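Worksheet: one structure, shown below.
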Amino acid sequence: SGSTVGFVGLGNMGGHMARNLIKKGHSLIVYDNVPASVEALKADGATVAASPKEVASQTNLIVSMLPASQHVLEVYTGSSGILSSVQKGSLLIDSSTIDPSVSQQMAEESSKAGATFVDAPVSGGVNAARDAGLTFMVGGPEDAFAKAKEVLDKMGKNVVHCGPVGTGQAAKICNNMLLAISMIGTSETMNLGMKLGLDPKLLAKILNMSSGRCWSSEVYNPVPGVLEGVPSSNDYKGGFGTALMTKDLGLAQNAATATKAPTPLGSLAHQIYRIMTNSGYAGKDFSSAFQFLQEQANQ
Ligand code: NAD
């Protein structure tokens, strides 16, 4: 600990993750293309760089937390990207959820520059990011995993080696397909129960002591007022955006097509989140599936 870590992408997740590294004694050099996100980290003691290139010229250990594949391509291989100035022997850890083939491509490009790239997408949500309670799913060589684990341990409670580069993404895409299905299922169940006259807090309590219990019902309930400190109780602000969930479900559908795995509920979940994204829900937390279904039911 104490070493300098570069951090690119300081949004809902990355901001908390970078802050935890500062708390645990690292010097941080950060970059985000939204000035407000950078300012918050600067106030917490981070040094601000003018580009990913500048980050890479100042440290050989970098974490990135970006929305989607195209942002990762730009941050790594763009004209002022990390790989334009990366130091030999650097470890590059990408925690974004992206297409596994893009992770593999980034690993190849990094290796040409003498650096090692691992994919390390996360599960847990913004509260787990804040509390250093994330689960990291890591794809990469064994020695790079061991080195990455030292820094990921400071932001998470589970750091799991999945196999070669891209397998972290594979695990993450599977998890999020199940999460989307369970969130829609929890939302339609809660809405039905409320229409039957049940108090939502009581219904949630019963589900959570019964066989319908899941993370979406217990930890991240989509009905406003059932839980405190979750996006549903804050007008679906913050959290995990519906557009990002739609992206992840698209990655799962690509993977299902490539492997010929049948995923009927994953496919339906993708379409429901696509409609939400195109109907004004893009920036709301993905638990707004409840609000979306409630609006349909009230028409
Ligand atoms: P976000 O949109 O809140 O944050 C992304 C950040 O990246 C933003 O600050 C944005 O300005 C920055 N960015 C975009 N393009 C950039 C560029 N070219 N250079 C520098 N910065 C750039 O997203 P998030 O919720 O923090 O999610 C990040 C990733 O983690 C996504 O892949 C998401 O699917 C995944 N994820 C999110 C959650 C969650 O609960 N929010 C949970 C698990 C995984």
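No value in this document is a laboratory result; all are computed from the given coordinates. Nothing here was measured: the structure is a model prediction, and the numbers come from that model. In this analysis, Cβ positions are derived from the backbone assuming ideal geometry, glycine residues included, and neighbour counts consider all displayed protein chains.
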Of 242-255, 191-204, ordering from highest average Cβ density within 10 Å down gives 242-255, 191-204
Provide the per-residue ³J(HN,Hα) series for region 122-135, in order, calculated from phi with Karplus coefficients 6.51, -1.76, 1.60 and θ = phi - 60°, each as a whole number of Hz, with x at glycine and proline positions. 10, 10, x, x, 5, 5, 5, 5, 4, 8, 6, x, 6, 9
Any idea what diffusion coefficient region 176-299 gets from Stokes-Einstein, in µm²/s, Kirkwood Rh on alpha carbon pairs, 4 °C, 1.567 mPa s? 89 µm²/s
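Given the peptides 73-83, 274-284, arrange them by the average over their residues of other C-beta atoms within 10 Å, most packed first. Write down the numbers at each step before the final one.
Values: 73-83: 19.4, 274-284: 16.0.
Order by mean packing, descending: 73-83, 274-284.
Go ahead and run the numbers for FRET between Lys149 and Ser279, Cβ-Cβ distance against an R0 of 45 Å, rounding to 0.05. Provide the component values of the computation, followed by the final result.
Numbers: r = 41 Å, r/R0 = 0.92.
The value I calculate is 0.65.
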Looking at the chain only, what percent of DSSP beta bridges run antiparallel? Nearest 5 please. 15 percent
Binning every alpha carbon pair distance of the chain at 5 Å from zero, what are the percents per bin? 1, 6, 12, 16, 17, 16, 12, 9, 6, 3, 2, 0, 0
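What full-extension length gain, to one decimal in nm, is calculated for Gln58 and Glu108 as 0.36 nm per residue of separation minus the Cα-Cα distance?
Details: separation 50, 0.36 × 50 = 18.00 nm, distance 2.21 nm.
Result: 15.8 nm gained on full extension.
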Would you calculate a helix-derived [θ] at 222 nm for the chain, using -39,500 (n - 2.57) for each DSSP H run of n ≥ 4 and dividing by the full residue count, to the nearest 500? -15000 deg cm²/dmol
For Lys147, which lysines qualify as cross-link partners when the Cα separation must be under 23 Å and same-chain residues fewer than eight apart are set aside? Lys23, Lys24, Lys53, Lys88, Lys112, Lys157, Lys172
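Of all DSSP beta bridges in region 51-168, what percent run antiparallel (nearest 5)?
Working: 3 of 17 bridges.
In region 51-168, approximately 20 percent of DSSP beta bridges are antiparallel ones.
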Table column - 3J(HN,Hα) (Hz), region 70-76, Karplus curve with 6.51, -1.76, 1.60, x for Gly and Pro: 5, 6, 5, 4, 5, 5, 8
Could you give each residue of region 165-170 its phi-based ³J(HN,Hα) in whole Hz, using Karplus coefficients 6.51, -1.76, 1.60 with θ = phi - 60°, and x for Gly or Pro? 3, x, 6, x, 4, 4
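Add +1 for every Lys or Arg and -1 for every Asp or Glu among the other residues with Cβ under 13 Å from the Cβ of Tyr31, and state the total.
Numbers: positive: Lys42, Lys53; negative: Asp32, Glu39, Glu54, Glu74.
Around Tyr31, the surrounding residues sum to -2.
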Taking Cα atoms, the helix 14-23 axis meets the longest principal axis of the chain at an angle in degrees (rounded to 10) of 60 degrees
Round to a whole angstrom and tell me the spacing of the C-alpha centers of region 156-216 and region 252-299. 14 Å
Taking +1 at the Cβ of each Lys and Arg and -1 at the Cβ of each Asp and Glu, which of Ser187, Leu249, Phe290 sits farthest along the dipole of region 179-299 towards its positive end, judged by Cα position relative to the Cα centre? Leu249
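In debye, nearest 20, what is the charge dipole magnitude of the chain about its Cα centre with +1 on Lys and Arg Cβ and -1 on Asp and Glu Cβ, if you could check? Show your work: numbers first, answer last.
Working: 22 positive and 23 negative charges, 60 e Å.
For the chain, the charge dipole is close to 280 debye.
If the only charges are +1 at each Lys and Arg Cβ and -1 at each Asp and Glu Cβ, what is the size of the charge dipole of region 29-179 around the Cα centre, to the nearest 20 debye?
Numbers: 10 positive and 15 negative charges, 33 e Å.
Charge dipole of region 29-179: 160 debye, to the nearest 20.
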For the chain, the longest principal axis of the Cα atoms and the Cα long axis of helix 264-276 enclose an angle in degrees, to the nearest 10, of 90 degrees
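Over 16 Å, how big is the tail of the calculated P(r) for region 66-192, in percent of all Cα pairs? Numbers along the way, then the final one.
Values: 5030 of 8001 pairs.
When all Cα pairs of region 66-192 are counted, 63 percent exceed 16 Å.
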Which residue fluctuates most in the GNM of the chain (Cα springs below 10 Å): Leu268, Leu21, Leu91? Leu268
Amide proton proximity set for Gly163, modelled H, under 5 Å, gap of 5+: Gly140
So what's region 1-80 giving for Rg/Rh, alpha carbon basis, Kirkwood Rh from the mean inverse pair distance? 0.93
Relative contact order for region 148-299: what percent, with Cα pairs under 8 Å and sequence separation of 6 or more? 26 percent
